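Any read-out appearing in this document is the output of simple, stated calculations on the displayed coordinates, not a laboratory observation. Please read all numbers here as calculations on a predicted model, not as lab measurements. Cβ sites come from the backbone with ideal geometry, for glycine too, and all protein chains shown count toward neighbours.
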Amino acid sequence: MNIAHWLARTARVAGDSPALMLGAEVVADYAGFHARAAGLAASLAGLGIAPGDRIAIFARNCPDYLVALFGIWTAGAVAVPINAKLHPREAAFILENSGATRAFASADLTAALTAQTHLPLTELHSDTFAALADVPPMPVADRRATDLAWLFYTSGTTGKPKGVQITHGMIAATSACYPIDVDPVAPQTPPSMPRP
C-alpha cells in the first residue's frame, strides 16, 4: 500500500496533465514527474538504500523537493523532512536522531549542513540530482499500511525535537478524509448591497 502508487497510477491515466508548477510555468507533467521520481528511486536502490531506510530532506519548497519525496517513497524508504528554517546544528541533530543514511538539501543550505554532518548529501536542482533521477525507473516498492512513510520532528520548543511516525495508511486515511474535513473552495460572489 505504498502511497507512491498514487503517482504511478496518475502517470498512467493522466500522464500528460500538468503536475509540477513553478509559479505559472509547468515544470513536469505526471508522466515526467513519475519517471524522475522512479528513476531517483532506482538510483537510491543502487546506492544501497533499502525499504525502511531513512532519507532526510533539508530544503526549501521547489519542484525537486517533490521528486525527492516521491523518489524516497518509490524506493520504499522513509522521508525525514526537516524545516528549512532550522539552524544547521538543529538539522544535524534530526539527521542523527532519525538514523538518516543520506540527505537532500537546497543549494543555500548544503554548505552549512555539510559542516555539521558527514552524511552523504545531494544538492537539489543540481547536475548530480538530475543524473540520479535520469536513469531507468524502478517499480514502486511494496509497503504495508503500517509501514513508516514520514518521520516528522516536533519543533523542540520544550525540549529536544521528537520524531512523529506517520505510516502509509495514515497518509491514505488523511487524504481520503480531506474532502470531508476541509471546506470546499469556490469563487465567492460579494453580497449585494441593500438599496437605500
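Helix 63-74 and the longest principal axis of the C-alpha atoms of the chain enclose an angle of approximately 70°. Residue exposure proxy: His118, His34, ordered by other Cβ atoms within 10 angstrom of their Cβ from fewest to most, comes out as His118, His34. Dipole magnitude for the chain: about 460 debye, using +1 per Lys or Arg Cβ and -1 per Asp or Glu Cβ, origin at the Cα centre. Farthest towards the positive end of the charge dipole of the range 4-180, among the residues Ser43, Val67, Val164, is the Cα of Val164, using unit charges on the Cβ of Lys, Arg, Asp and Glu. Taking a ≥ b ≥ c as the square roots of the eigenvalues of the alpha-carbon gyration tensor, the range 83-176 is classed oblate because a/c is 1.5 or more while a/b is no larger than b/c.
The angle between the Cα long axis of helix 168-181 and the longest principal axis of the Cα atoms of the chain comes to about 10 degrees, rounded to the nearest 10. Against the chain, whose longest principal axis comes from its Cα atoms, helix 30-46 is set at around 20 degrees. For the chain, the residue among Ala130, Gly76, Gly23 whose Cα projects farthest onto the positive side of the dipole built from Cβ charges is Gly76. Note: the range 19-115, Cα convex hull, 89 Å³ per residue.
Put in order of Cβ neighbour count within 10 Å, fewest first, the listed residues Thr114, Thr74 become Thr114, Thr74. Put a dot 7 Å past the Cα of Val164, heading toward its Cβ, do the same for Met21, and the two dots end up 2.7 nm apart.
Model label sites at His87 and Thr174, defined 7 Å from Cα along the beta-carbon direction, differ in position by 2.8 nm. The order of Met170, Met21, going from fewest to most other C-beta atoms within 10 Å of their C-beta, is Met21, Met170.
At q = 0.08, 0.12, 0.13, 0.14 Å⁻¹ the log10 of I(q)/I(0) for the chain amounts to -0.30, -0.63, -0.72, -0.83, computed by Debye summation with a single uniform scatterer per C-alpha, solvent ignored. Taking each residue as 0.36 nm, the span from Asp183 to Val13 lengthens on full extension beyond its C-alpha to C-alpha distance by 58.4 nm.
Measuring from centroid to centroid over Cα atoms, what is the spacing of the range 54-106 and the range 1-28 in Å? Taking the Cα centre of each part, the range 54-106 and the range 1-28 sit 21 Å apart.
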